[in-house]
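Below is one structure, written out as structure tokens, with a few remarks after it.
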Amino acid sequence: MAIQLTKFKAPLYAETLIALTFIALFIITLPKDDTKVPLIITPFSILAGREPNLNNAELYKKINNMACVKLVQENQLINASDLAYKTLQVSPYDLKTLLSAGQVFMELGNYPKGIELLYKALKLAPNNNYIKFYYGEGLLVSGDYLDSLKVLNNLYVRNLCQDPNLEIEISRVYLFLRQYEQAYTHLEKAIAKYPNNGQLNYLSAMCLAKIGSNEEALSDFVKNYKTCYVLPDKVLRFIKGSNGIQEDALKSLIDNIEESPQDIQLRIETINFALFLEKYTLALKLLDNREIQNHSDASFLYAITYAELNQKDVASKYLNIGINQYLNTHPKWNLPCVSIFDHF
């Protein structure tokens with residue numbers, strides 16, 4: 001005996017209830033923002049942005065594959081800016097669009113616009129720790145240290161971080177707030193777990209110098225330099241071209257500097273190579289250059305050189321000059337390391 005299927009029709013009140021439920025869900029998913037939101041909006045973009053278990057590494061990859069970000073990486077800055085604006089006009093409420101365009105404007109130094117877009121992304125995905133960290137780092141770069149500290153501490157107190165990068169960012173905020181003891185407290189925790197992390201040790205030396213432990217700071221700074229310094233590709237090519245003889249490679253580099261005295265980066269790399277070979281007098285000679293005096297690394301290189309020459313008072317003076325230059329310069333915009341979010 002065949003069973004005849006009949007269409008079930010819900011009562012009117014049930015249809016009304018279902019309709020009201022969908023309307024309520026739609027309103028909840030709207031971005032809580034002061035901007036005007038169109039009546040028709042892409043719900044999948046919003047729901048994906050609100051997903052707390054969003055694959056952060058995948059999002060990171062997608063952002064870096066956006067066309068406007070690639071243009072920045074290729075140093076096509078004007079084209080990157082134009083494309084970012086056009087992309088925003090087409091998809092003003094898409095999470096990846098907001099993040100990629102926000103990165104572009106941060107890279108271009110347009111911090112107000114970059115922060116505005118990162119904030120909108122966070123409003124779309126308030127539970128996404130990747131975006132929260134991204135926004136907090138953006139505030140740091142823009143110079144809004146107090147708000148940056150608030151956002152980053154919000155992540156920190158939840159005990160979600162298993163990586164030193166959050167400790168580093170909070171320490172940097174405290175450094176720029178001139179609260180060196182608080183900065184050092186965070187760095188100590190990270191260094192205990194990651195003793196060979198170069199950035200941690202550099203920042204730790206800065207804190208020690210500012211707290212007044214100049215000799216310990218200088219010792220840590222030089223030790224870290226020796227541990228972490230890696231010969232750059234340009235120097236390695238000179239070594240290879242000199243049949244592996246480092247002394248001959250150094251002479252070739254110096255000859256190239258004489259032919260291209262305005263190439264500051266080449267001079268910096270040659271000074272580092274001279275220090276690597278313990279040619280301290282030569283390093284000082286190469287540092288005696290008007291163009292290089294304004295380079296952010298010059299004071300630190302002086303500090304390392306004089307420390308190795310056992311002139312610790314002079315070395316400490318240059319170390320403090322370098323630290324002040326660092327603190328008086330906005331931190332360079334960098335994307336956060338994906339590893340920080342592995343345990344979120």
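What follows is calculated from the coordinates using simple rules that are stated; it is not laboratory data. Owing to the predicted nature of the structure, the values given are computational and were not obtained by experimental measurement. Neighbour counts run over all protein chains shown; Cβ positions are idealised from the backbone, glycine included.
Between the residues Thr270, Ile239, Tyr280, the greatest Cα displacement towards the positive end of the dipole of the stretch 235-312, with unit charges on the Cβ of Lys, Arg, Asp and Glu, is found for Tyr280.
Sorting the segments 273-279, 127-133 by their residues' average number of neighbouring beta-carbon atoms within 10 angstrom, most packed first, yields 127-133, 273-279. Placing a label point 7 Å from the Cα of Ile78 along the Cα-to-Cβ direction, the residues of the stretch 86-100 with a backbone N closer than 18 Å are 86.
For the stretch 214-226, 3J(HN,Hα) computed residue by residue from phi via the Karplus equation (6.51, -1.76, 1.60; θ = phi - 60°) reads 5, 5, 5, 4, 5, 4, 5, 5, 5, 4, 5, 4, 5 Hz, glycine and proline entered as x. Of all lysines in the structure, those lying under 18 Å Cα to Cα from Lys279, and not within fewer than 8 positions of it along the same chain, are Lys223, Lys226, Lys251, Lys312. The charge dipole of the stretch 53-160, taken about its Cα centre with unit charges on the Cβ of Lys, Arg, Asp and Glu (plus for the first two, minus for the last two), comes to roughly 300 debye. Normalised by residue count, the stretch 53-160 yields a Cα convex hull volume of 90 Å³ per residue. Full extension of the chain between Leu236 and Tyr85 gives 50.2 nm of extra length, using 0.36 nm per residue less the Cα-Cα distance. The length gained on full extension between Val314 and Glu291, counted as 0.36 nm times the residue separation minus their Cα-Cα distance, comes to 6.2 nm.
Partner aspartates and glutamates whose Cα lies under 14 Å from the Cα of Lys96, excluding those fewer than 8 positions away in the same chain, are identified as Glu51, Glu58.
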